[in-house]
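Since the structure comes first, as structure tokens, the remarks are kept for the end.
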Amino acid sequence: MLHIKEIIRDAPPVHQGETEMPGGYAVTPLSVFSDHQQESLAANATACWGLGESALEYIYNHVNAGDYTLEIGSGISTLVFGSKGSHHICITPSEREISVIRKYAAEKKISLLHHRFINELSEEALPKLLLNNPLDFILIDGKHAFPWPFIDWFYSVVHLRKNGILMVDDTHLLSGKILCDFMKKDPNWEFLEILDGRTEIFRKTTDDVRNVAWHMQPFLADHYNAMQRAKKKKASLAKKISVKLGMLMAAAGFKTR
């Protein structure tokens, strides 16, 4: 088995162009990317966008042969799951990504015997996903545009067993950050650590994360309570101002009701 450092050093060009837009990309003023970066995407340049080394090592150290694992997105991580012999599902809309990964794995003798590739958009594949066994490990690293990380989360974690591990990549981006901020407050999840400054790890602490109402979720309840406190504070301030104004008017000889 190749060491993770070797795979990173000899990373296959899994990704091409703007992977979040399979239909093609054109330079736009809407993007925060520079013109040069956008031109590279529009030209369908190849690259290998993947997890950092620490995150890859975490997968290698916490996934065992025979585990049931799911990955939304594809890349070096797909090869690491393969090296551990887990029963792995990889969801990607790119047929090319699957082909590159299979070719690289064959050349490097990394077994994909227990891999199942689903060549579909995650928002189409996940809602109809049927599994015979609960998942031990999920990696969410697909489309980062809002609201896709939340869609991927909602339809995948229902399959994650209690005490199973969830890894969310690119949490430095706002969509991933909001998702993780929610989970850090939620009693259904235990935050474990952040790796490479952008990959966050959680443990699921309950069987059913959907058995909940909004007023029981700290992420929402805290916001609601803060709004209520602000409303009361505003009403109290208005009352104090009214009383003070009344006193001033009375002192000046104005009649008040």
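Numerical summary
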| read-out | value |
| --- | --- |
| Within segment 72-90, considering residues that are of a type outside the set (Val, Ile, Thr) and under 13 Å from residue 60 (Cα atoms), the one surrounded by the fewest Cβ atoms within 10 Å (Cβ to Cβ) | 85 |
| Index of the failed condition, residue 120 passing every other in (1) of a type in the set (D, E, K, R); (2) under 29 Å from residue 30 (Cβ atoms); (3) touching an Asp or Glu at 6+ places or on another chain (Cβ under 7 Å); (4) surrounded by fewer than 17 Cβ atoms within 10 Å (Cβ to Cβ) | (3) |
| Boolean, residue 100 is among the β-branched types (Val, Ile, Thr), open to solvent by 10 Å² or more (accessible area, probe 1.4 Å) and out of contact with any strand residue (DSSP E or B) (no Cβ under 6 Å at 6 or more places or on another chain) | yes |
| Residue match in segment 137-152 (condition: open to solvent by less than 40 Å² (accessible area, probe 1.4 Å) and in contact with a Phe, Trp or Tyr (Cβ under 7 Å, 6 or more places away or on another chain)) | yes |
| Counted residues, segment 185-198 - those being out of contact with any helix residue (DSSP H, G or I) (no Cβ under 6 Å at 6 or more places or on another chain), open to solvent by 60 Å² or more (accessible area, probe 1.4 Å) and not in a loop (DSSP other than H, G, I, E, B) | 3 |
| Flag if residue 34 is surrounded by 15 or more Cβ atoms within 10 Å (Cβ to Cβ) and more than 23 Å from the chain's Cα centre (by Cα) | no |
| Members of segment 154-175 found to be in a helix (DSSP H, G or I) and either within 19 Å of residue 223 (Cβ to Cβ) or open to solvent by 60 Å² or more (accessible area, probe 1.4 Å) (or both), listed by number | 154, 155, 158, 174, 175 |
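Each row is one residue, and each column tells you yes or no for (1) under 42 Å from the mean Cα position of the chain (by Cα); (2) part of a helix (DSSP H, G or I); (3) at pLDDT below 95; (4) surrounded by 10 or more Cβ atoms within 10 Å (Cβ to Cβ).
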site: 177; (1), (2), (3), (4): yes, yes, no, yes
site: 183; (1), (2), (3), (4): yes, yes, no, yes
site: 200; (1), (2), (3), (4): yes, no, no, yes
site: 222; (1), (2), (3), (4): yes, yes, yes, yes
site: 226; (1), (2), (3), (4): yes, yes, yes, yes
site: 239; (1), (2), (3), (4): no, yes, yes, yes
site: 246; (1), (2), (3), (4): no, yes, yes, yes
site: 249; (1), (2), (3), (4): no, yes, yes, yes
site: 257; (1), (2), (3), (4): no, no, yes, no
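The values are calculated or read from the model by the stated rules, or taken from the named source; none is laboratory data. Note that the structure is predicted; figures quoted are calculated from it, not measured. A quick note on method: Cβ atoms are made from the backbone with ideal geometry, for glycine too, and the neighbour counts reach across all protein chains shown. Note: areas computed on protein heavy atoms with side chains; ligands, DNA, RNA excluded. Shrake-Rupley method; radii C 1.70, N 1.55, O 1.52, S 1.80 Å.
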